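Novice: What follows is a structure written as structure tokens; I'll ask about it next.
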Amino acid sequence: MAEVVFNNLQKVYTNGFKAVHGINLTIADGEFMVIVGPSGCAKSTTLRMLAGLETISGGEVRIGDRVVNNLAPKSRGIAMVFQNYALYPHMTVKENLAFGLKLSKLPKEQIEEQVTEAAKILELGELMDRLPRQLSGGQAQRVAVGRAIVKKPDVFLFDEPLSNLDAKLRASMRIRISDLHKQLKKSGKPATTVYVTHDQTEAMTMGDRICVMKLGHIMQVDTPDNLYHFPKNMFVAGFIGAPEMNIKPSKLVEQDGKIGLTVGNYTLELNQYQQEKVAAHVGEDVFFGVRPEFIAISESPFEGNHSQGELVRVENMGHEFFVYLKVNDFELTCRIPSDDVKPILKNGLHRPVYFKFDMNKCHIFDAKTEKNISL
Ligand code: ADP
């Protein structure tokens, strides 16, 4: 059993800077938890407190049934993979894999067995006699992951492990690490995994759940799907998803007994559920949010709610286009399937087109608290 629990966990650095503001998080045994957030949000500080590489200023960290606040890193049942592989340069791959096990004085045969098993899982066979300088970045990182696996830890910790790799390698390593996690689970030896990254794609594709942080606070902990479709606040809404959700200042108004949202010169009618949710906020400033894929564009007017904007820019992604519309003083990003946008583009840029939001997919955020008031 290796559930990981942060209980009112705090970090104040010696210069008085409070980096972690009393966070609470429970990571289930065998769960793959990604901690994500922009640079400086205290992801690494949090992970390092879990690893025992940073002192804890307040609250507690529990691994399994032990409070580990004052335990040395090597006694916590963890293995950590860093961004800069940190392999021993004068040792071969095989020696690198075996080194930690030798230190813990395991019998020779057992070391051999664990090293062979890790090498097999990560397909390191042909590389075993090479030195780190004879490896590519991706291969070196595989060895670093292997060095963590051989320890058979209760908890795997990853600190931005793929940031030094190019985009293609990152994508394949992402899959490899996810597969490894699944494989361990299947074999009945699930390893709780805590994976820190600033990259929301890694978070979305790898995490069972994702913990989004901002300035030492947790903003939301949820499944990738829930974070994407039901963000609890404006920060999560803007951080998760690429291209970003369109988030624009607006106002809630009442018109003919119905509640609507002002966008530029238009008022958009909300659905019944949204009207009930935001009823207490009529007259207030809000932000409205809509993801780029929930906007449609057309040469001719849509039925019902629609507006007009100037087609200012397009980016061709192959199967779809990112289309940028200027509406009054703001710009909207739309994701439109190629077949739908090509006929429109025949007539060129810098002219008005009609657009329409899928109102059922819109979010409304309180301008003061930035909370999503439409959920
Ligand atoms: P992240 O991993 O999310 O980029 P960090 O955990 O590295 O963020 O840092 C969180 C905050 O703590 C940052 O504002 C950083 O400047 C600050 N910080 C990190 N290390 C120290 C330190 N040794 N002394 C003071 N402040 C620190």
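Novice: Hey, for a label at Phe302 modelled as a point 7 Å past Cα toward Cβ, could you say which residues of region 266-285 have their backbone N under 16 Å away?
Specialist: 266-272
Novice: For the chain, with every protein chain kept in place, what is the accessible area per residue (1.4 Å probe, Å²)?
Specialist: 48
Novice: Here's something else I'd like to know. In square angstrom, rounded to the nearest 10, how much accessible surface does Ser187 have for a 1.4 Å probe?
Specialist: 70
Novice: What distance in nm lies between label points placed 7 Å from Cα along the C-beta direction at Ser172 and Met317?
Specialist: Calculated label separation equals 2.4 nm.
Novice: While we're looking at this one, here's another question. Given points 7 Å out from each Cα along the Cα-Cβ axis, report the Lys120 to Gln134 separation in nanometres with one decimal.
Specialist: Spacing of the two 7 Å Cα→Cβ label points: 2.4 nm.
Novice: Which entries in the list Lys43/Lys371; Lys152/Lys182; Lys232/Lys326; Lys74/Lys102; Lys105/Lys186 go over 25 Å, if you measure between the two C-alpha atoms of each?
Specialist: Numbers: Lys43/Lys371 22 Å; Lys152/Lys182 15 Å; Lys232/Lys326 28 Å; Lys74/Lys102 14 Å; Lys105/Lys186 29 Å.
As for pairs spanning more than 25 Å Cα to Cα, those are Lys232/Lys326; Lys105/Lys186.
Novice: If you don't mind, another one. Any chance you could check the Cα centroid distance between region 189-210 and region 117-154 for me, in angstrom?
Specialist: Centre-to-centre distance over Cα atoms comes out at 20 Å.
Novice: Starting from the residue with the highest accessible area, list Tyr88, Tyr273 in decreasing order, probe 1.4 Å. Don't jump to the answer; show the numbers that get you there.
Specialist: On the way: Tyr88 85, Tyr273 120 Å².
Ranking Tyr88, Tyr273 by accessible area, largest first, yields Tyr273, Tyr88.
Novice: I'd like the FRET efficiency for Gln183 and Phe330, computed as 1/(1 + (r/R0)^6) with the beta carbon distance as r and R0 of 45 Å, rounded to 0.05. If you can, show how the numbers build up before the last one.
Specialist: Details: r = 47 Å, r/R0 = 1.05.
In this case the efficiency is close to 0.45.
Novice: Please give the peptides 209-215, 68-74 ranked by average Cβ packing (other Cβ atoms within 10 Å per residue), highest first, as a rough proxy for protection. Before the final figure, lay out each step's value.
Specialist: Numbers: 209-215: 22.1, 68-74: 13.7.
My ranking of the peptides, most packed first, is 209-215, 68-74.
Novice: Please compute the length gained on full extension between Leu215 and Glu112, using 0.36 nm multiplied by the number of residues separating them and subtracting their Cα-Cα distance.
Specialist: Stretched out fully, the Leu215 to Glu112 stretch lengthens by 32.6 nm.
Novice: Enumerate the helices in the chain for which the Kyte-Doolittle hydropathy averages -1.0 or more and the C-alpha atoms extend at least 15 Å along the helix's axis, using complete DSSP H runs.
Specialist: Values: long enough: 93-103 (16 Å, 0.45); 108-121 (20 Å, -0.91); 137-149 (18 Å, 0.08); 167-186 (29 Å, -0.75).
Span-like helices, by this rule, are 93-103, 108-121, 137-149, 167-186.
Novice: By how many nm would the segment from Asn70 to Val282 grow when fully extended, if each residue of separation counts as 0.36 nm and the alpha-carbon distance is taken off?
Specialist: Working: separation 212, 0.36 × 212 = 76.32 nm, distance 5.20 nm.
Separation in residues times 0.36 nm, less the Cα-Cα distance, equals 71.1 nm.
Novice: Using 0.36 nm per residue of separation minus the Cα-Cα distance, give me the extension gain between Tyr88 and Lys342 in nm, one decimal. Walk me through the numbers before you get to the answer.
Specialist: Values: separation 254, 0.36 × 254 = 91.44 nm, distance 5.42 nm.
Contour length minus Cα-Cα distance gives 86.0 nm.
Novice: Assuming R0 = 25 Å, what is the FRET efficiency of Asn226 and Asp29, from their Cβ-Cβ distance, to the nearest 0.05? Before the final figure, lay out the partial values.
Specialist: Values: r = 21 Å, r/R0 = 0.84.
Computed FRET efficiency for Asn226 and Asp29: 0.75.
Novice: Let me have the 222 nm mean residue ellipticity of the chain computed from DSSP H runs of 4+ only, each contributing -39500 (n - 2.57), with the sum over all residues rounded to the nearest 500. Intermediate values should be presented prior to the final figure.
Specialist: On the way: 10 runs with 101 residues, N = 375.
Dividing the helical sum by the residues of the chain leaves -8000 deg cm²/dmol.
Novice: Could you sort the peptides 350-361, 192-203 by per-residue average Cβ neighbour count (10 Å cutoff), highest mean leading? Write out the running numbers ahead of the final one.
Specialist: Values: 350-361: 15.2, 192-203: 23.0.
In decreasing order of mean packing, 350-361, 192-203 become 192-203, 350-361.
Novice: Heavy-atom accessible area of Asp256 with all protein chains present, probe 1.4 Å, nearest 10 Å²?
Specialist: The value for Asp256 is about 150 Å².
Novice: Could you work out the local net charge near Leu53, counting Lys and Arg as +1, Asp and Glu as -1, over the other residues with Cβ closer than 13 Å to its Cβ?
Specialist: Working: positive: Lys11, Arg48, Lys74, Arg76; negative: Glu54, Asp159.
Computed value for this residue: +2.
Novice: Would you mind telling me the share, in percent, of accessible area of region 142-278 contributed by carbon and sulfur at probe 1.4 angstrom? Don't skip to the answer; put the middle values down first.
Specialist: Working: 3040 of 6070 Å².
Accessible surface attributable to carbon and sulfur in region 142-278 totals 50 percent.
Novice: Per residue of region 252-265, in order, report the coupling 6.51 cos²θ - 1.76 cosθ + 1.60 (Karplus, θ = phi - 60°) as ³J(HN,Hα) in whole Hz, putting x for Gly and Pro.
Specialist: Running phi through 6.51 cos²θ - 1.76 cosθ + 1.60 with θ = phi - 60° gives 8, 10, 10, 9, 6, x, 10, 9, x, 10, 7, 9, x, 8 Hz.
The values are calculated or read from the model by the stated rules, or taken from the named source; none is laboratory data. All values reported here derive from a predicted model rather than from experimental measurement. Counting neighbours? That spans all protein chains shown, and the Cβs are built from the backbone with ideal geometry, glycine included. Accessible surface areas use protein heavy atoms only, side chains included; no ligands, DNA or RNA. Shrake-Rupley method; radii C 1.70, N 1.55, O 1.52, S 1.80 Å.
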